[in-house]
């Protein structure tokens, strides 16, 4: 399944026409789909994007082979051309930074984007939009980073009053064929080799539930080191977990030490 996320109906229309998507009323959001694709119009703003994409992902949970593309317009500094399509490698939302993985070849200009709360009338250091961080926060709970692509088309040089519905439709129409090659590139990314069997992964997740997030991350790093160093050595995690927080921390310390020895 290909997931398209747009903020505006005007951004969605050329994609719906190009891929013959039809309206679907399965969710309380504007949704279009065919047998292979679904397009969600999430509305403007980070909160709307977060809510709508979370609902979509929960309704139809992505599989490993699925792809998500967030596409729409953006304002940008004057050194970006109007109509230029950008591939985003960093999303900046105040002091938070999000990094989609770009593991494929492409001809688009890569850049960071700043996700803001209101339309910008002052030139920024990066292109700006209002949805990308909300889309990323919701989608990254369900998709691997390499399954997602964020494409923004420059509509204005931070003059939002100049943006029209007709202009947005024309900009998206000019780039719908680019989506075909982008989808092909995303599909061609080699599937990562699994380090752990399904049974081992189940044991790991059960064990991680006994620790804090930072402790779990340290354990995951140690397990990855162990498996890369000892590809054929069996992994045994059938441990007695003490009730005491201090004893659990000591147990984890010893386990990490043994895994990285």
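Largest GNM mean-square fluctuation across 40, 228, 172, computed for the chain with C-alpha springs under 10 Å, falls on 228. Which of rounded, prolate, oblate describes segment 166-261, given a ≥ b ≥ c as roots of the alpha-carbon gyration tensor eigenvalues and a/c under 1.5 marking rounded, otherwise prolate only if a/b is larger than b/c? Prolate. Across the chain, the relative contact order, built from alpha-carbon pairs under 8 Å that are at least six residues apart, equals 19 percent. Each of (1) 21.6, 65; (2) 18.1, 62; (3) 19.5, 63 is a candidate for Rg and Dmax of the Cα atoms in Å; the one calculated from this structure is (1). With contacts taken as Cα pairs under 8 Å and at least 6 residues apart, segment 198-259 reaches a relative contact order of 44 percent. Nearest 10 degrees is fine. How inclined is helix 198-208 to the longest principal axis of the chain, computing both from alpha carbons? Around 80 degrees separate the two axes.
Each stretch of four or more DSSP H residues adds -39500 (n - 2.57); spread over every residue of the chain, this sum gives -11500 deg cm²/dmol at 222 nm.
By DSSP, the beta bridges lying fully in the chain are antiparallel in about 35 percent of cases.
Annotation for segment 110-129 versus segment 45-61: alpha-carbon center distance of 22 Å.
With neighbour counts taken as other beta-carbon atoms within 10 Å, the residues 95, 125, 202 rank, fewest first, as 95, 125, 202. Remark: 74, 158, 115 ranked as 158, 115, 74, counting other beta-carbon atoms within 10 Å and listing the fewest first. Given the options 142, 104, 211, state which has the largest fluctuation in a GNM of the chain using a 10 Å cut-off (strictly under) for Cα springs. Among 142, 104, 211, the largest GNM mean-square fluctuation belongs to 211. Here 22, 152 are placed in order of increasing Cβ neighbour count within 10 Å, fewest first, which gives 22, 152. Each of residue 60 and residue 122 was given a label point 7 Å from its Cα along the Cα-to-Cβ line. The distance between the two points is 4.2 nm.
Where a number appears in this text, it was derived from the coordinates with a stated rule and is not lab data. What you are looking at is a predicted structure, and each value in this text was computed from that prediction instead of being measured. Counting neighbours? That spans all protein chains shown, and the Cβs are built from the backbone with ideal geometry, glycine included.
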